[in-house]
Amino acid sequence: MLVTSIAALAIIMIGVGLRHARVLREDNGPVLVNLVIYATMPALVFTIIAHERLSLGLVLVPIAGYLIHVVMLGIGWVMARVRHADRPTEGAMLVATGVGNTGFFGVPLIAASGLGVSLAAAVFYDAFATGVITWTSTVVIANSYGSVEGRTSGIDWIALRRGLLMPPMVALYVALAWNLVGLGTPSHWINRPLVLLGSATLPLVMLYAGLMLDWRALQRAWPEVGMITVARLVGGAIVGLAIGTLLGLAPAVLHTVVLMAAMPTAMMSLVLGVRYGLRRDVLVGAVFVTSVMCTLTLPIVRGLML
């Protein structure tokens with residue numbers, strides 16, 4: 001993972017360079033995101049799950065994800081109390097600390113990181129824990145703490161249903177059916193294009209992170225961003241290890257859960273937080289600082305476990 005993380009950091013810096021050279025602009029970001037959502041991530045998910053050995057122990061992975069989320073929310077609440085934060089700032093600290101970027105960062109990074117991890121566990125964690133949490137807990141918190149007039153509290157059921165039918169999720173359902181029926185590895189003519197397409201996920205995500213980097217937001221929110229960064233990248237790993245151990249997860253699955261718990265702040269936390277009026281500079285800073293710093297911390301976490 002060290003080599004992969006260094007390469008990821010280099011690609012982030014390339015994204016920064018392309019933005020400063022005006023080869024890419026910030027408004028090109030949605031194009032990169034759509035390529036990941038509609039092309040590369042579905043291919044990556046399918047190739048991981050279609051012929052992976054699945055076990056009943058994977059059912060515990062989403063449970064671990066929910067428990068980790070609850071504990072991380074508690075940590076975020078304590079940090080907000082320490083800062084005497086107003087409600088938009090507190091809400092931003094909660095969602096930035098409580099949910100990691102297990103999809104765009106976690107799955108492709110673990111898929112490229114080598115032995116000692118469970119790719120199926122990474123997909124299950126993202127799909128059945130983070131995916132559900134994003135459209136339930138995150139929306140409720142953003143609604144409750146946001147400053148947008150006319151907001152309503154509650155779960156966004158329409159968005160949750162839409163999220164469960166996004167292309168990466170559909171690819172997961174198809175791959176699970178393929179696997180359970182016992183069709184084996186797809187033919188070379190099907191598998192090879194999917195592998196090549198899926199391998200583009202990590203570079204595209206890292207370019208997007210570099211393209212969206214906003215240093216000005218960091219200057220206004222360093223105290224909160226610093227606390228969130230330590231909580232997500234260090235505290236998340238500790239919480240993930242404790243909960244995974246208590247659940248008795250198998251070694252490879254445990255390693256994966258710990259890494260997923262230590263992923264950077266989810267980009268959807270930024271999107272939803274801004275929509276509902278949480279403090280934007282805190283969310284922007286948390287997403288980008290944790291995204292850059294995780295390329296240094298994740299290899300350390302993995303090295304300590306293996």
Going by the conditions given, is A177 in a helix (DSSP H, G or I), of a type outside the set (D, E, K, R) and modelled with pLDDT of 85 or more? yes
Candidate set: the range 114-134, residues that are surrounded by fewer than 23 Cβ atoms within 10 Å (Cβ to Cβ) and part of a loop (DSSP other than H, G, I, E, B); chosen: the one modelled with the highest pLDDT: G116
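Rundown of residues vs (1) at pLDDT 95 or above; (2) among the β-branched types (V, I, T), yes/no style:
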| position | (1), (2) |
| --- | --- |
| F46 | no, no |
| R53 | no, no |
| V59 | no, yes |
| I63 | yes, yes |
| V70 | yes, yes |
| V78 | yes, yes |
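Which one of V274, V230 is β-branched (V, I, T), within 21 Å of P88 (Cα to Cα), out of contact with any Leu (no Cβ under 9 Å at 6 or more places or on another chain) and free of Cβ contacts under 8 Å to residues at least 24 places away in the same chain?
None of the other options fit; the residue is V230.
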Pairs under 9 Å by beta carbon, first residue under 17 Å from G285 (Cβ atoms) and touching a residue at least 24 places away in the same chain (Cβ under 8 Å) in the range 193-213, partner in a helix (DSSP H, G or I) and acidic (D, E), six or more apart or different chains? L211/E26; M212/E26
Taking the condition within 30 Å of A85 (Cα to Cα), small (G, A, S), modelled with pLDDT of 90 or more and touching a helix residue (DSSP H, G or I) at 6+ places or on another chain (Cβ under 9 Å), does A159 pass? no
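The values are calculated or read from the model by the stated rules, or taken from the named source; none is laboratory data. All of these numbers come straight from a predicted model, not from anything done at the bench. As a convention, Cβ positions derive from the backbone with ideal geometry for all residues, glycine included, and neighbour counts pool all protein chains shown.
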